[in-house]
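The values are calculated or read from the model by the stated rules, or taken from the named source; none is laboratory data. The model shown is predicted, which means the values in this text are computed figures rather than measured ones. Virtual Cβ from ideal backbone geometry, glycine too; neighbours counted across all protein chains shown.
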Amino acid sequence: MTRTLVEKIIGEHLVEGQMLPGSEIGLRIDQTLTQDATGTMTYLQFEAIGMDRVRTELSVSYVDHNMLQTDFRNADDHRYLQTVAARHGIHFSRPGNGICHQVHLERFGAPGKTLLGADSHTPTGGGLGMLAIGSGGLDVAVAMAGRPYYLPMPEVVLVRLLGQMSPWVSAKDVILELLRRLSVKGGVGRVFEYGGPGIASLSVPQRATITNMGAELGATSSLFPSDEQTLLFLRAQGREQDWRSLAADDGAGYAETIEIDLSALEPLVAVPHMPDRVVPVREVAGTPIDQVCIGSCTNSSVVDLESVAAILEGQVVAPGVSLTVSPGSRQALAMIARSGALHALISAGARLLDAGCGPCIGMGQSPASGAASLRSFNRNFRGRSGTADAGIYLASAEVCAASAITGVLTDPRTLGEAPRIEMPAAFTVDDRLIIAPPENNASVEVVRGPNIKPLPTRDVLDDTLQGEVLLVTGDNITTDDIMPAGSQVLPFRSNIPAMSQYVFGTIDKSFPERARAAGGGFVIGGENYGQGSSREHAALVPMYLGVQAVIAKSFARIHHANLANVGIVPLTFVDAADASRIEQDDLLRIAGLGDALRSGRPVVVENVTKGWVFRARADLSPRQIDVLLAGGMLNHIKINS
């Protein structure tokens with residue numbers, strides 16, 4: 001029987017279920033990663049499970065999201081992360097060592113392994129031939145405890161690449177083209193497997209850009225085969241021993257095949273305010289810009305930075321434009337410092353930021369009011385930059401560099417000959433900022449600052465739910481809309497009571513007060529509810545405020561799982577038209593919930609205020625139903641331990 005690459009890796013790690021699309025499977029997880037925005041909660045949950053030491057092959061805790069230390073809270077949380085890592089057998093990547101996805105690709109990723117990360121861009125590892133999946137932090141905590149990770153068996157889509165990219169066209173344009181065709185919900189329930197003769201010309205850093213932004217499609221994961229390019233990268237990182245050849249079988253069957261001719265691509269840009277609003281740069285060329293930010297986990301490798309430096313060499317950033325550069329890793333920063341590229345960047349007027357996420361999640365460098373900001377990042381959701389009325393554009397590092405010089409959106413093909421930057425034959429390896437856990441961990445004291453508060457939990461699910469409709473939303477609501485990030489909110493990542501005052505802040509600032517006054521209730525969503533970041537705070541905080549159920553037209557995969565994991569009932573309208581008949585403050589009632597969930601029958605929801613009923617379905621596995629009825633994953637583990 002011929003198998004896809006995805007099926008091969010899943011087959012090697014399958015511990016429960018069958019590989020039938022849509023049915024739940026349980027996978028053994030080899031590696032996990034967390035970052036500091038989600039990691040603090042993940043490790044609090046791991047501690048609550050009661051394990052002494054992680055049972056994965058490798059678990060790594062990174063500090064990359066929130067390194068702005070304006071008071072004690074971030075520093076306290078970083079100290080907690082370092083001590084809890086030492087206590088439980090987890091490697092710790094110190095602040096300044098780089099972005100989790102970039103560093104993991106460089107130093108830990110390996111073909112054929114499974115990687116589960118408490119960050120939606122974990123599929124970056126697919127550039128190395130891993131099955132790398134983003135999830136909520138609680139799922140990562142459970143995987144660190146040696147339990148399977150559960151998900152619906154995805155469909156596998158082949159993206160067949162042909163030809164080679166023309167000068168000034170980059171890997172970013174490949175994934176933007178796919179977003180243009182499929183939209184931000186075109187990957188839900190799917191894994192994108194790249195193949196075809198065109199992949200041979202793509203280095204691992206280029207492949208990682210593509211797999212990283214597969215998250216913007218809503219995909220479960222994206223991955224490339226492990227081939228000669230993979231070997232070259234691992235050899236250059238001094239990790240040749242981690243290489244193995246991996247590819248799909250000839251004649252493997254796919255749910256769909258999509259062909260992209262690399263030679264036909266041109267520089268593309270996503271215009272505000274969604275990553276799928278993609279047009280050729282030439283169509284919007286001349287649009288004035290106020291800010292350019294280069295970096296993030298998508299385009300911050302040494303190859304990206306060397307390319308930008310080559311474009312900026314001898315130039316000066318246009319008047320009125322602020323240019324920032326965030327290296328993806330300490331390795332990348334050290335290498336451009338040695339090569340002279342850093343001098344070119346600084347001489348051109350670039351402002352160098354930490355090797356971290358920074359502006360991508362609104363941690364500094366928020367644009368001016370009404371400004372246009374061009375970024376080599378992966379998301380341009382409204383308000384994510386920290387400025388509600390700013391327009392955020394997404395493009396390749398090359399488009400960003402060209403536009404920084406001219407002060408307007410610029411097709412880089414107008415600049416003449418493109419620089420030719422190859423992946424280094426050898427990377428500078430210095431792992432001294434990665435702290436391995438001690439063999440004897442019993443004496444390690446976990447240090448908790450005053451900002452770390454107890455985990456909120458929910459009681460066993462009631463058979464009857466009743467409450468007001470607290471909010472009615474539109475389509476493509478993101479986890480940034482539900483639980484914003486940024487410098488104001490992220491310091492409270494381990495303090496759910498404090499964080500609760502910001503929930504749904506981009507939509508309705510009165511939500512927290514109304515939810516408390518009503519004693520909780522319901523949220524009504526549109527299509528693709530909860531897309532974007534994996535942050536489980538977008539489920540934890542509504543649960544803390546008493547939200548009992550979210551009823552939507554459809555859900556993003558990770559958020560749907562996060563809701564069930566914390567005890568909020570995720571329901572999907574049987575008839576999507578019913579959503580338009582529901583208004584804020586309507587009183588809803590669900591009776592006989594347990595029987596409906598166990599039997600698989602639709603849940604009957606009564607709109608008490610308007611005197612009509614509608615049906616909703618719970619797209620949950622039997623295991624998820626048990627978790628939900630127990631009041632969430634932690635309760636379920638305690639009951640069954």
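Odds and ends about this structure:
- For the criterion of being under 27 Å from ASN565 (Cα atoms), among the small types (Gly, Ala, Ser) and touching a residue at least 12 places away in the same chain (Cβ under 8 Å), SER93 fails.
- When ALA418, ALA402 are checked against the criterion of being within 30 Å of ASP173 (Cα to Cα) and not in a helix (DSSP H, G or I), a single residue qualifies: ALA418.
- Test result for MET1, farther than 16 Å from GLY117 by Cβ, loosely packed, with under 15 Cβ neighbours inside 10 Å, out of contact with any strand residue (DSSP E or B) (no Cβ under 6 Å at 6 or more places or on another chain) and among the hydrophobic types (A, V, I, L, M, F, W, C): yes
- Taking the criterion of being surrounded by fewer than 16 Cβ atoms within 10 Å (Cβ to Cβ) and in contact (Cβ under 8 Å) with a residue 12 or more places away in the chain, the residues of region 551-586 that qualify are VAL574, ASP575, ALA576, ARG581, GLU583, GLN584, ASP585.
- Contact map, region 127-151: residues that are closer than 15 Å to LEU58 by Cα and in the same structural domain as GLY117 (by TED's automatic domain parsing) paired with residues that are part of a loop (DSSP other than H, G, I, E, B) and among the small types (Gly, Ala, Ser), Cβ distance under 6 Å, separation 6+ or inter-chain. Pairs shown: MET130/GLY109; VAL140/ALA118.
- Residues in region 595-608 that are more than 12 Å from ILE524 (Cβ to Cβ), surrounded by 15 or more Cβ atoms within 10 Å (Cβ to Cβ) and either in contact with a helix residue (DSSP H, G or I) (Cβ under 9 Å, 6 or more places away or on another chain) or polar (S, T, N, Q) (or both): LEU597, PRO602, VAL603, VAL604.
- Qualifying residue in region 145-152 (condition: buried (at least 24 other Cβ atoms within 10 Å of the Cβ) and hydroxyl-bearing (Ser, Thr, Tyr)): no
- Residue that is farthest from GLY383 (Cα to Cα), among those in region 235-248 that are part of a loop (DSSP other than H, G, I, E, B) and among the charged types (D, E, K, R): ARG244
- Being touching a Cys at 6+ places or on another chain (Cβ under 6 Å) and either in contact (Cβ under 8 Å) with a residue 60 or more places away in the chain or among the β-branched types (Val, Ile, Thr) (or both) holds for only one residue in LEU33, LEU44, LEU27, and it is LEU33.
- Residue within region 466-475 that is in a loop (DSSP other than H, G, I, E, B), among the small types (Gly, Ala, Ser) and touching a strand residue (DSSP E or B) at 6+ places or on another chain (Cβ under 9 Å) present: no
- Index of the failed condition, SER120 passing every other in (1) assigned to a helix (DSSP H, G or I); (2) out of contact with any His (no Cβ under 7 Å at 6 or more places or on another chain); (3) polar (S, T, N, Q): (1)
- Total residues in region 156-198, condition crowded, with 19+ Cβ neighbours inside 10 Å and in a strand (DSSP E or B): 11
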